[in-house]
Amino acid sequence: MTTATGHAFDVAEIRADFPILGRAVRGGRPLVYLDSGATSHKPRAVLDAERDFYTIHNSAAHRGAHLLGEEATDVYEAARVRVAAFIGAEPGEIVFTKSATEALNLIAYSFSNAATSGPEAERFRVGPGDEVLVTEMEHHANLVPWQQLCQRTGATLRWFGVTPDGRLDLSHADELIGDRTKIVAITHQSNVTGTVPPVGQIAALAHARGAVVVADGAQSVPHRPVDVAELGPDFLAFSAHKMLGPSGIGVLWGRRDLLEAMPPFITGGSMIEVVRMEGSTFLPPPQRFEAGVPAAAQAVGLAAACDYLDALGMPNVAAHEEALTAHALDALGAIRGVRVLGPLTTDHRGGAVSFTVDGVHPHDVGQLLDELGIAVRADHHCAWPLHRALGVQASTRATFYVYNTHDEVDALADGVRQTQRFFAPV
Amino acid sequence: MQVESMYREIILDHYRHPHNKGLRGPYDAQVQHVNPLCGDEVTLRVALKDAGGEPAVADVSYDALGCSISQASASVMTEAVIGKTVREAMDISAAFLELMQSRGEAEPDEGRLGDAVAFEGVSKYPARIKCALLGWMAWKDATARALDGTGQAHDGDIIAD
């Protein structure tokens, strides 16, 4: 196809960059991978970047009195600059973590650690009477850390509900976001329904009340252009492995003034300024939040993934996925007995399509699809409360990325029909 | 299809027409087990009786939400253990666990397992083993509680609630 920016978005060419897409699965069938929402595959450029780090520069970044140590530090810090540019941020605002999950926990633990920190951390203190606001559509990674923060501090957890069609229910927004609200934590795209909530609108309401806004970008940053200034939160978490990068590294972006005032979460080497037996002082951000030897090879791999995605053009990536999603909504929606969860159009909706099949449990749907070489996820997708709110126990989920084709969407729909025949009552 | 080695006809039969489904009383213990991966759940009751000085399984009933494998396995389990002494039933349960952990390599003992041998194919799909074990593990837990008196026994004649 020719894209919005006039370049050819050649899926066949893209697929050739992903070695794993060449392998066969059950019964020698080609792999139809519709589970990128769980983890994406890696193009050769990312694999090569990681390997090059190990074969050429391998050393502990930010330590070592030798050339390799300098090189490792240089490429690690260059990766920070690259990732910052990917989301329109300053390099000093990029903290490398283990995962998006760890990034979200980092914020939550900074808030509770503020209770025993100096006056600079005052604005992060929460306790009885304060409220933490989340949504019912969160991935457990952006829910459980806030539940735990409330448990540790005595703050109260509140949440936005969802409408029957899987949108955020904003009808009580003015009541939910009040003077007691200290934190608003919200997904930038549901990993189940693909719903894209109005993060900017909610951030504006929250900021008017002095609350801090945390956005979970694990399902948005890989799939469409994200500019943190435009989006409007104070923090954004995402992970490399869902955006063609390596596993083992995630990113926390935070506004500089907030990061500077935040107490650390994980402590140890790399993050200290002066250590005495009586106590220690800490480096400024981002180093304050990066205890231990940095995951430099993974950071370099992530930077290569940013290069790869930017070469495709994130608007083109988003357009390709929107076309696949529209196709999937049509193809699945046309099957009697299939219920698609969440919005039925691509309006403010990304490429996660979860559905139920009457009379067939999602595990059984997933198993039959697997038999046909089609990889999907089948469970509650780490979003149990959302499933409960939508009145289902679990669902089958297809998620799309740069390497997926329209033929694969058709294969999915055919597979669902075969599954229905297999489990039809006798 | 290869997958038919897992979805054997007897499994699909039990799935479509489950045995002993629907909670009933009296019982000596009730437990609720959940598969945290998918949210599948089973509520299961066990009633014990005395069989010549040895505890035996008088009744097992359950209510469950889940996939074909977990539903069929719970159904087959009730047929396998009701009427056996607890010792015999635990032995069958151990044989089933062993079969599930065999990765399709075991020679299943049909004498001990009865219809449960049909689950042999499941052992080749590691992601589904927990499904097959859900009902069996609930039964084991409920029986242990019934034996040590922590099962919140109920004497009444309870219709499914």
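The values are calculated or read from the model by the stated rules, or taken from the named source; none is laboratory data. Just so you know, these numbers come straight off a predicted model, no measurement behind them. In this analysis, Cβ positions are derived from the backbone assuming ideal geometry, glycine residues included, and neighbour counts consider all displayed protein chains.
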Residue pairs within 9 Å by beta carbon, gap of at least six or interchain, first lying in the stretch A:14-33 and on the phi > 0 side of the Ramachandran plot and within 14 Å of chain B (Cβ to nearest Cβ), second of a type in the set (D, E, K, R) and not in a loop (DSSP other than H, G, I, E, B), listed first then second, are A:Gly27/A:Glu371
The strands (runs of 3 or more DSSP E) lying wholly within the stretch A:315-406 that contain at least 2 residues that are more than 13 Å from chain B (Cβ to nearest Cβ) are A:338-340, A:352-357, A:395-399
A careful count of residues in the stretch A:76-100 that are crowded, with 23+ Cβ neighbours inside 10 Å, among the β-branched types (Val, Ile, Thr) and more than 21 Å from A:Ala218 (Cβ to Cβ) gives 0
Going through the stretch A:34-43 in order, the residues found to be assigned to a loop (DSSP other than H, G, I, E, B) and within 14 Å of chain B (Cβ to nearest Cβ) are A:Ala38
Q) Regarding A:Leu176, is this residue under 29 Å from A:Ser395 (Cβ atoms) and crowded, with 24+ Cβ neighbours inside 10 Å? A) no
When B:His19 is run through (1) part of a loop (DSSP other than H, G, I, E, B); (2) within 14 Å of chain A (Cβ to nearest Cβ), the failure sits at (2)
Point to revise | Residue in the stretch A:232-243 that is at pLDDT 95 or above, surrounded by fewer than 21 Cβ atoms within 10 Å (Cβ to Cβ), closer than 30 Å to A:Ala45 by Cβ and of a type in the set (Gly, Ala, Ser) present | key: no
Being in the same structural domain as A:Thr116 (by TED's automatic domain parsing), closer than 16 Å to A:Val95 by Cα and buried (at least 19 other Cβ atoms within 10 Å of the Cβ) is the requirement here; does A:Val293 meet it?
no
Those residues of the stretch A:131-166 which are touching a strand residue (DSSP E or B) at 6+ places or on another chain (Cβ under 6 Å), part of a loop (DSSP other than H, G, I, E, B) and either among the aromatic types (Phe, Trp, Tyr) or surrounded by fewer than 20 Cβ atoms within 10 Å (Cβ to Cβ) (or both) amount to A:Glu136
Exactly one of A:His381, A:His361 is farther than 23 Å from A:Ala218 by Cα, buried (at least 24 other Cβ atoms within 10 Å of the Cβ) and not assigned by TED's automatic domain parsing to the domain that holds A:Arg224, and that residue is A:His361
Every listed condition ((1) away from every other protein chain (no Cβ under 14 Å); (2) part of a helix (DSSP H, G or I)) holds for B:Ala47 save (2)
Within the stretch A:27-41, residues within 16 Å of the chain's Cα centre (by Cα) and of a type in the set (A, V, I, L, M, F, W, C) come out as A:Ala38
Listed by first then second residue, the pairs whose first member lies in the stretch A:153-172 and is under 18 Å from A:His139 (Cα atoms) and outside the structural domain of A:Ala108 (by TED's automatic domain parsing), whose partner is of a type in the set (A, V, I, L, M) and surrounded by fewer than 17 Cβ atoms within 10 Å (Cβ to Cβ), with beta carbons under 9 Å and at least 6 positions apart or on separate chains, are none
Quiz item: If you check A:Ser112 against the conditions, is it at pLDDT below 95 and either touching a Lys or Arg at 6+ places or on another chain (Cβ under 7 Å) or under 22 Å from A:Ala215 (Cα atoms) (or both)?
Solution: yes
Checked pairs for the stretch A:101-113, first closer than 21 Å to A:Lys242 by Cβ, second among the acidic types (Asp, Glu) and in a helix (DSSP H, G or I), C-beta under 7 Å and 6 or more apart or across chains, list as none
Of the listed residues (A:Ala103, A:Ala115), the one being assigned to a helix (DSSP H, G or I), surrounded by 15 or more Cβ atoms within 10 Å (Cβ to Cβ), of a type outside the set (S, T, N, Q) and outside the structural domain of A:His380 (by TED's automatic domain parsing) is A:Ala103
Scanning the stretch B:59-84 for residues that are buried (at least 24 other Cβ atoms within 10 Å of the Cβ), in contact with a Leu (Cβ under 8 Å, 6 or more places away or on another chain) and not in a helix (DSSP H, G or I) gives B:Val60, B:Tyr62, B:Gly66
Considering the stretch A:182-226, residues that are assigned to a strand (DSSP E or B) and among the β-branched types (Val, Ile, Thr), and then whichever is farthest from A:Glu102 (Cα to Cα), we arrive at A:Thr195
message = Kindly evaluate B:Ile82 against the criterion of being away from chain A (no Cβ under 14 Å), out of contact with any Asp or Glu (no Cβ under 9 Å at 6 or more places or on another chain) and in contact (Cβ under 8 Å) with a residue 24 or more places away in the chain.
response = no
### Query
Is at least one residue of the stretch A:41-51 more than 19 Å from A:Cys306 (Cβ to Cβ) and touching a residue at least 12 places away in the same chain (Cβ under 8 Å)?
no
Within the stretch A:208-266, residues basic (Lys, Arg) and touching a Pro at 6+ places or on another chain (Cβ under 6 Å) come out as A:Lys242
